[in-house]
1. Taking the stated definitions as given, is residue 20 in contact (Cβ under 8 Å) with a residue 12 or more places away in the chain and either buried (at least 16 other Cβ atoms within 10 Å of the Cβ) or not in a helix (DSSP H, G or I) (or both)?
2. Within segment 284-300, which residues are in a loop (DSSP other than H, G, I, E, B) and surrounded by 11 or more Cβ atoms within 10 Å (Cβ to Cβ)?
3. Within the group 60, 85, 39, 92, which residue is in the same structural domain as residue 176 (by TED's automatic domain parsing) and either within 20 Å of residue 142 (Cβ to Cβ) or crowded, with 16+ Cβ neighbours inside 10 Å (or both)?
4. Can you tell me which of (1) in a helix (DSSP H, G or I); (2) farther than 22 Å from residue 11 by Cβ is the one residue 182 doesn't meet?
5. Does residue 303 satisfy being within 25 Å of residue 235 (Cα to Cα), surrounded by fewer than 11 Cβ atoms within 10 Å (Cβ to Cβ) and in the same structural domain as residue 236 (by TED's automatic domain parsing)?
6. Which residues, taken from segment 196-208, are exposed (fewer than 15 other Cβ atoms within 10 Å of the Cβ) and not in a helix (DSSP H, G or I)?
7. Among what's in segment 63-82 and is surrounded by 13 or more Cβ atoms within 10 Å (Cβ to Cβ) and touching a helix residue (DSSP H, G or I) at 6+ places or on another chain (Cβ under 6 Å), pick the residue that is nearest to residue 120 (Cα to Cα).
8. Restricting attention to segment 204-236, report how many residues are in contact with a helix residue (DSSP H, G or I) (Cβ under 7 Å, 6 or more places away or on another chain) and within 27 Å of residue 294 (Cα to Cα).
């Protein structure tokens, strides 16, 4: 096997440990750096705790059938936990440094400023922040052209998505290099603008608040709401992207449904954005017109539908809901 790029994690918390699992599993040497001042005894406890947790995660993945449990020690040996005194060697030799310190702006800026000085100009530096915009941090970093946000969804070692958010100073080649690295270890990176909430947190915040609101209003019990979300909402969006789903049914359906809900519930939060009306005016309402949010021109639509329906059947099997016909 060819040598894999070394990876460094700044911070030995939940995110640093999760990313260490991902890259060690994919064959990369990973150095997890703890920036907190600690006594030798306290660092030894942290080291044992971190490696113990990583071992536990690997054991769980092996028990779930992802790999042979005999490989756990081999994977674990790729992970090294280092105190601050080892930071310069770890950071300067890394291809990418993933920062995972607590979500406090000043704390992140201070830690990243130190890390960037120790690393030198070569390594890519990516913050895993879920709340702070890239350009609110990048000013603290030497050579900010190699800096961007890379938001992992927990648990990092299982959820495929990584939301990449480059800043104004980010070199596009850096974004491309990190995207290729993530794809090479089996992740699914997407690139989004530096906007609050990225993609998934922004959408899920609306959905989670609406679900809680419906419990509050007595629309349904928490149990029935979660059942509806799991077997209806989640079932469909595990196969079709949300914009793809609009195209599947037709943007005109969303347009009229949004108008009805806005009037019936007396709240503008259900109003559709202008892009829905513009698409209707242009005749781009989805599959039926071969244009929507996505372009279906020249596509074998019947084959496309069959592929998606096949995926729905696979979801039914996942939930053990495929029943034989009554004859």
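1. So residue 20 fits the description; yes.
2. Result: 284, 285, 290, 292, 293, 294, 296, 299.
3. 92
4. Of everything listed in (1) in a helix (DSSP H, G or I); (2) farther than 22 Å from residue 11 by Cβ, residue 182 misses just condition (2).
5. yes
6. Once the filter is applied, which keeps residues that are exposed (fewer than 15 other Cβ atoms within 10 Å of the Cβ) and not in a helix (DSSP H, G or I), segment 196-208 yields only 196.
7. Once the filter is applied, the top-ranked residue is 82.
8. Of the residues in that region, 3 qualify.
The values are calculated or read from the model by the stated rules, or taken from the named source; none is laboratory data. Note that the structure is a prediction, hence the values are computed from the model and not measured. Glycine also receives a Cβ, built like all others from the backbone with ideal geometry; neighbour counts cover every protein chain displayed.
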